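Colleague: Before I ask anything, here is the structure I am working with.
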Amino acid sequence: MSNKITIIDYGMGNLYSVCNAIAAVGGEPVVTSDKDVIAAAEKIILPGVGAFGDCMVNLHKSGLIPVIMDALHSGKPFLGICLGMQVLFEGSDEAPGVAGLGFFKGQVKYLTTDYKIPHMGWNKLELRTPSPLLKDADGQYVYFVHSYHCVPEDKSIITATSDYGMEVTASVGRGNVQAFQFHPEKSSRVGTGLLRAFKEWQP
């Protein structure tokens, strides 16, 4: 297996920093919006920053939703990051009436905490369910920037949480699909380790 990791470009996402972070762990990042390239990819990252509704509009316009859904169900390693995690769910408080990809059942909810929103900065991971990417991450600090978090119907897919005056879903995973609410590409040594684990992961 090659070290190629395909990063989906749908017009939203910090592609440059994700690309650099993958290269730093010895991966070969391929940034593309080409359906054929994505369909043939061995490993896929769906990044994202911005608003849920805008993201879904861009995904529809790009025509990428069918190839993304195929990838999710393909058994290939798939990683959603930040907004790329949220759109894997059915919908969001941020964009009422806008359907997400619905790979995971559940909704993306506004953070209900007395702490400052957005939740921005370093926070500690507390592992919940085993994840192939988080083996050494319990108690480690990673970098968050978000105002919403995912609330899955099936709590067993929550692989890590973080305490921000409430329990925040930090990551989820089922089979070949894993996702982080935090930004591994901004999470220094810990994030580098997580991306290296993704590069080396073979479900």
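Colleague: If you scale each eigenvalue of the Cα gyration tensor by 5 and take the root, what three semi-axes come out for segment 8-100, rounded to whole angstrom and sorted largest first?
Modeller: Details: eigenvalues 93, 45, 27 Å².
Whole-Å semi-axes of the equivalent ellipsoid: 22, 15, 12.
Colleague: Send over the Kirkwood Rh of the chain, from the inverse of the averaged 1/r over different Cα pairs, rounded to one decimal Å.
Modeller: Its Kirkwood hydrodynamic radius stands at 16.5 Å.
Colleague: Follow-up. Once you place label points 7 Å from the Cα toward the Cβ at Ser156 and Ser2, how far apart are they in nm?
Modeller: 3.7 nm
Colleague: For segment 4-200, what proportion of DSSP beta bridges, expressed in % and rounded to the nearest 5, is antiparallel?
Modeller: Taking every DSSP beta bridge with both residues in segment 4-200, the antiparallel ones total about 60 percent.
Colleague: May I ask you to sort Glu94, Glu167, Glu185 by Cβ crowding, counting other Cβ atoms within 10 Å and putting the fewest first?
Modeller: If I rank by nearby Cβ atoms, fewest first, I get Glu167, Glu94, Glu185.
Colleague: Grab the DSSP H runs of the chain that are 4 residues or longer, score each as -39,500 (n - 2.57), total them, divide by all residues and round the 222 nm result to the nearest 500 deg cm²/dmol.
Modeller: Value at 222 nm, helices only: -7000 deg cm²/dmol.
Colleague: OK, next. Full-extension gain between Lys135 and Tyr16, please, as 0.36 nm times their residue separation minus the C-alpha to C-alpha distance. Walk me through the numbers before you get to the answer.
Modeller: Working: separation 119, 0.36 × 119 = 42.84 nm, distance 2.65 nm.
Answer, rounded to one decimal: 40.2 nm.
Colleague: Of the listed pairs Lys124/Lys186; Lys43/Lys124; Lys4/Lys35; Lys35/Lys76, which have alpha-carbon separations greater than 25 Å here?
Modeller: Result: Lys43/Lys124 exceed 25 Å.
Colleague: What is the extension gain from Ser62 to Thr113, computed as 0.36 nm multiplied by their sequence separation minus the C-alpha to C-alpha distance, in nm to one decimal?
Modeller: 14.8 nm
Colleague: Once fully extended, how much extra length lies between Asp36 and Lys105, figured as 0.36 nm per residue of separation less the alpha-carbon to alpha-carbon distance?
Modeller: Working: separation 69, 0.36 × 69 = 24.84 nm, distance 2.78 nm.
This chain segment gains 22.1 nm when fully extended.
Colleague: Something else now. So if R0 is 30 Å, what FRET efficiency would Met120 and Asp54 give, r being the distance between their Cβ atoms, rounded to the nearest 0.05?
Modeller: On the way: r = 20 Å, r/R0 = 0.66.
With a Förster radius of 30 Å, E is 0.95.
Read-outs throughout are calculated quantities, based only on the coordinates presented, and are distinct from any laboratory measurement. Worth saying up front: this structure is predicted, and the values here are computed from it rather than measured. In this analysis, Cβ positions are derived from the backbone assuming ideal geometry, glycine residues included, and neighbour counts consider all displayed protein chains.
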